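Everything on this sheet refers to the single structure shown next.
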Amino acid sequence: MLERFHRKHDTCARCNNTLGLRSHEPEEEYWGINGKLCKNCYDLVKSDIRQYDAHHISGYDRLPAEIEGDLSVLLFDEKNTIVFSPKKKGFLPLQITSDLLEDCKIITRNESTSMKRRIFSVGVSKTKDKRHLKLTFLKAARNTFHSIWIYTTR
Ligand SMILES: [Zn+2]
């Protein structure tokens, strides 16, 4: 029993090869990897994640509006999942798998449509168009579609 426990932790969680001296912990829980990774697998996983600085503007009821976070696209092992991970502690990352994704569009919206900016730009008629990512996905539990707006800065 104890030996099996040790064996499990001496092998890579992805390829099962014996781990050398250099093993890597998965950086994020949403990678979905239970255990340590060998260097090859770690490098492969890292290179198959695209990450962007982003703001959740609105649309997802479990996240506050205008919250800062990372938008990651996970492509390794055919995960094909989009994750919005808030920087603020206490909020769970939103994960959208490709089978739930209905639509994905880049839409130009006027900056003044954003509530916070409208408040701060009172009296200053500064209007600027910004490109937003609109993701529409199926909420598994309720079987209804849901759209969120994301603004990426990189
Ligand atoms: Zn490996």
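Fewest first, what order do Asp129, Asp77, Asp70 take by the number of other Cβ atoms within 10 Å?
Numbers: Asp129 10, Asp77 14, Asp70 17.
Lowest count first: Asp129, Asp77, Asp70.
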Checklist entry - What aspartates and glutamates could a cross-link reach from Lys89, if we take a straight Cα to Cα line under 18 Å and drop same-chain neighbours fewer than 8 places away? => result Glu27, Glu28, Glu29, Asp53, Asp61, Glu66, Glu68, Asp70
Checklist outcome for this item: Least to most buried among Tyr52, Tyr60, Tyr151, by other C-beta atoms within 10 Å and fewest first, runs Tyr52, Tyr151, Tyr60
Checklist entry - Can you list the aspartates and glutamates whose alpha carbon sits under 13 Å from that of Lys134, skipping same-chain ones fewer than 8 residues off? => result Glu102, Asp103
Next on the checklist: Between Asp48 and Lys88, how high is the FRET efficiency from 1/(1 + (r/R0)^6) when r is the Cβ-Cβ distance and R₀ = 25 Å? Nearest 0.05.
Outcome noted: 0.40
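Can you sort Val73, Val45 by how many other beta carbons sit within 10 Å, fewest first? Mind dumping the intermediate values first?
Numbers: Val73 14, Val45 21.
Ascending Cβ contact count within 10 Å gives the list Val73, Val45.
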Checklist entry - Per residue and in Å³, how big is the convex hull formed by the alpha-carbon atoms of region 38-107? => result 113 Å³
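Each value in this text was obtained by applying a stated rule to the coordinates, not by laboratory testing. Treat the numbers as computed from the prediction; the structure is a model and nothing was measured. Virtual Cβ from ideal backbone geometry, glycine too; neighbours counted across all protein chains shown.
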